[in-house]
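The values are calculated or read from the model by the stated rules, or taken from the named source; none is laboratory data. Everything numeric in this text was worked out from a predicted model, so none of it was measured. Here the Cβ positions follow ideal geometry from the backbone for every residue, glycine too, while neighbour counts run over all protein chains shown. Just the protein is used for accessible areas: all its heavy atoms, side chains included, with ligands, DNA and RNA removed. Shrake-Rupley method; radii C 1.70, N 1.55, O 1.52, S 1.80 Å.
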Amino acid sequence: MAFVSLLAIIGISLFIGDGVITPAISILSAVEGILLIPGFESTSQIYLILIAAVIAICLFSFQARGTEKVAWAFGPVMVIWFLALAISGFVALFFAPQVIFAVNPMYAINYLTHNGLEGF
């Protein structure tokens, strides 16, 4: 019985640790995308960590009010996000319609026949 209790405590500890570290890593990796924006390449690591910390604190303080409040905002935010993706995708297709050719498998076959195993 003690062994099962020990396994349960270890499992719960790992679950809680995963629940704490996963949002932090996700937020930090998203914030590090700032370095890809022209003009922000030299942003200090300390500023990136501070931005990620502020975002995490805001998210966790908002979540503490109840999951239903987070769920209430999730739907409209996702609709706006997907609309932004769709609009930017259509605009990109308008300016570069040749990307539709990527659907043709002959381009992949041609690439592999010319580059062999190295291309794979």
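Here are the numbers:
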quantity	calculated
Per-region count, region 58-100, residues part of a loop (DSSP other than H, G, I, E, B) and at pLDDT 90 or above	1
Residues of region 42-57 that turn out to be surrounded by fewer than 13 Cβ atoms within 10 Å (Cβ to Cβ) and in a helix (DSSP H, G or I), as a count	6
Checklist (1) open to solvent by 90 Å² or more (accessible area, probe 1.4 Å); (2) assigned to a helix (DSSP H, G or I); (3) modelled with pLDDT of 90 or more applied to Pro38, failing item	(2)
